[in-house]
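Worksheet for the structure shown next.
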Amino acid sequence: MSLNNVTLVGRVGGDPNVRYFESGSVVCNLTLAVNRPTKNDQPDWFNLEIWGRTAQVAADYVKKGSLIGVSGNLKMEYWNDRNTGIQRSKPVVRVNRLDLLGSRRDTEAAAGAMGGGGGGGGGGNFDEF
């Protein structure tokens, strides 16, 4: 049996990089900083790759500093360094689920003119996509 699951909660390191393809597909790449248990340690940084409708949600509602939760699987990306020709690699989390965990005010500020969302509830309200 194989198992490849990743679940992370952290803050987005920069505004999402979104690409649209002629086929209609959408991909969103961003970085996520996850704090370690002790305050003196630097956060761990993860590269995220999000596709489809979830990518569009990230493009519309996620910005630098947003608190999000993600789950997905780990994959390795490989390429040859242009300067040295040496093969390089990096781990990337392919996101299957995105949860917007910030407060409603944070989400509405990120949405801007998108009109916010209906529904009741306050600060504990999570939007799941």
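The values are calculated or read from the model by the stated rules, or taken from the named source; none is laboratory data. Because the structure is predicted, anything quoted here is derived from the model rather than measured. Don't worry about glycine lacking a Cβ; one is built from the backbone with ideal geometry, like all the others, and counts go over all protein chains shown.
List the strands (runs of 3 or more DSSP E) that sit entirely inside segment 21-105 and contain at least 2 residues that are exposed (fewer than 14 other Cβ atoms within 10 Å of the Cβ) and free of Cβ contacts under 8 Å to residues at least 40 places away in the same chain.
Details: elements: 26-34, 44-51, 67-80, 87-100.
Hits in segment 21-105: 44-51, 67-80, 87-100.
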**OP:** Could you please let me know if Asn40 is polar (S, T, N, Q), at pLDDT below 95 and in contact with a Gly (Cβ under 9 Å, 6 or more places away or on another chain)?
**Re:** no
Original post:
If Leu8 passes every condition in (1) touching a helix residue (DSSP H, G or I) at 6+ places or on another chain (Cβ under 8 Å); (2) surrounded by fewer than 18 Cβ atoms within 10 Å (Cβ to Cβ) but one, which one does it miss?
Top reply: (1)
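Which residues, counting only those in segment 1-20, are more than 17 Å from Gly72 (Cα to Cα) and either part of a loop (DSSP other than H, G, I, E, B) or touching a His at 6+ places or on another chain (Cβ under 9 Å) (or both)? Reasoning before the result, please.
So in segment 1-20, the residues more than 17 Å from Gly72 (Cα to Cα) come out as 1, 13-20.
Of everything in segment 1-20, those that are more than 17 Å from Gly72 (Cα to Cα) and either part of a loop (DSSP other than H, G, I, E, B) or touching a His at 6+ places or on another chain (Cβ under 9 Å) (or both) turn out to be Met1, Gly13, Gly14, Asp15, Pro16.
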**OP:** Specify the residue that is modelled with the lowest pLDDT; the eligible residues are those in segment 86-114 that are of a type in the set (Val, Ile, Thr) and touching a Phe, Trp or Tyr at 6+ places or on another chain (Cβ under 9 Å).
**Re:** Thr107
